[in-house]
Amino acid sequence: MNTFSKLWGIRTPAEAKAKIAEQIADLHITEPQNLEEQALSLVGRDVYEKLIKGYTEKQWGRDCKDLPAFIIKRLPLRFTYNNNYFNDVYQGIPKGGYTQIIEKLLENVDVMTETDFFEYRREHDNFKKIVFTGMIDEYFDYRLGHLEYRTVRFETERVEDASYQGNAVVNYTAKEVPYTRIIEHKHFEPELEAEKPKDYTIISREYSTEWKPGIEPYYPVNDEKNSKLYEAYRELAEKEENVIFGGRLGQYKYYDMDKVIDAALAAARKELGK
Ligand SMILES: Cc1cc2nc3c(=O)[nH]c(=O)nc-3n(C[C@H](O)[C@H](O)[C@H](O)COP(=O)(O)OP(=O)(O)OC[C@H]3O[C@@H](n4cnc5c(N)ncnc54)[C@H](O)[C@@H]3O)c2cc1C
């Protein structure tokens with residue numbers, strides 16, 4: 001509602017809804033042919049241009065007209081003055097950060113870092129069970145072709161001020177701003193704010209880029225071509241005995257933290273027959 005009110009000088013949810021409905025009707029889009037037309041037919045021109053076009057093009061590195069319509073099925077609009085992006089009741093990170101929780105989970109477990117799975121397996125191939133969280137196409141030696149991925153480049157800066165943006169995450173939807181968001185780390189634990197440095201703060205700008213071999217892949221590109229190829233790899237994976245393919249690279253699926261943890265727990269329950 002803050003955005004709608006600034007855009008159109010309106011105040012109530014009913015006024016905002018009427019404005020959007022009027023813009024959608026003016027466009028006369030009956031069968032959207034691409035992501036741009038799909039988004040326009042769901043939210044009208046102003047919201048599309050302010051919030052969706054620039055951000056989507058930065059995230060995907062592709063013009064909205066060249067992206068398929070099916071990527072966006074619906075665009076949830078919220079008619080409240082709450083500026084939070086998510087509606088979840090609990091939002092944040094584990095107390096003390098992820099490092100601590102992972103260290104506790106891995107207590108008494110042998111861990112090898114800086115070790116490539118494929119290189120290690122060449123000399124040790126007597127595993128009873130493998131949980132594979134790497135790239136599924138690499139696992140099968142790209143025999144059906146390469147899947148595409150997106151990645152993120154981080155630019156971290158120390159700013160000599162108590163706070164830079166007053167919030168943990170601020171997203172930038174405009175095309176002219178090259179990064180998609182700025183993270184200000186100290187605000188992730190507001191309850192510990194008093195213990196954080198007063199004279200400086202650390203921020204990270206995130207730049208979404210195309211993935212190439214040699215850098216870490218982050219996001220699957222779930223368009224039609226890649227989804228089809230992944231489906232073929234999934235069929236191969238089903239025949240692979242004693243290997244569980246998990247996570248965003250193993251299942252070629254975008255997961256948030258809560259969803260990936262949920263999926264891991266479900267896989268563990270299934271494995272244990274519970
Ligand atoms: C920039 C960015 C911002 C994000 N922000 C949020 C957010 O705000 N909120 C949220 O909920 N989620 C966020 N996520 C998503 C979250 O990070 C993922 O959901 C989560 O990390 C997925 O867990 P995973 O186990 O599937 O994959 P990963 O965490 O990537 O784990 C896979 C592991 O497999 C290892 N691996 C891969 N290949 C090999 C190999 N060949 N040999 C050995 N090891 C290998 C990797 O090194 C990695 O440690 C974000 C993701 C990114 C990239």
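The table that follows gives values for the structure above.
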quantity	calculated
Pairs, first more than 20 Å from Glu241 (Cα to Cα) in the range 110-126, second within 13 Å of the ligand (Cβ to nearest atom) and assigned to a helix (DSSP H, G or I), C-beta under 8 Å, six or more apart	Met112/Tyr120
Criterion (away from the ligand (no atom under 14 Å from the Cβ) and either in contact (Cβ under 8 Å) with a residue 24 or more places away in the chain or buried (at least 17 other Cβ atoms within 10 Å of the Cβ) (or both)) met by exactly one of Asn171, Asn226	Asn226
Verdict on Ser163 being among the small types (Gly, Ala, Ser), touching a strand residue (DSSP E or B) at 6+ places or on another chain (Cβ under 6 Å) and within 16 Å of the ligand (Cβ to nearest atom)	no
Residue tally, condition β-branched (Val, Ile, Thr) and either surrounded by 10 or more Cβ atoms within 10 Å (Cβ to Cβ) or not in a loop (DSSP other than H, G, I, E, B) (or both), over the range 97-119	3
Residues (surrounded by 14 or more Cβ atoms within 10 Å (Cβ to Cβ), out of contact with any helix residue (DSSP H, G or I) (no Cβ under 9 Å at 6 or more places or on another chain) and among the polar types (S, T, N, Q)) located in the range 120-168	Thr151
Search result, residues across the range 171-185 that are touching a Phe, Trp or Tyr at 6+ places or on another chain (Cβ under 9 Å) and closer than 19 Å to Ile93 by Cβ	Asn171, Arg181, Ile182, Ile183, Glu184
Among the candidates Lys259, Lys274, residue that is loosely packed, with under 13 Cβ neighbours inside 10 Å and within 10 Å of the ligand (Cβ to nearest atom)	Lys259
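Computed from the coordinates by the stated procedures, all read-outs in this text should not be read as laboratory data. Keep in mind it's a predicted model, so treat the numbers as computed, not measured. With ideal geometry, Cβ positions are generated from the backbone for all residues, glycine too; neighbour counts draw on all protein chains shown.
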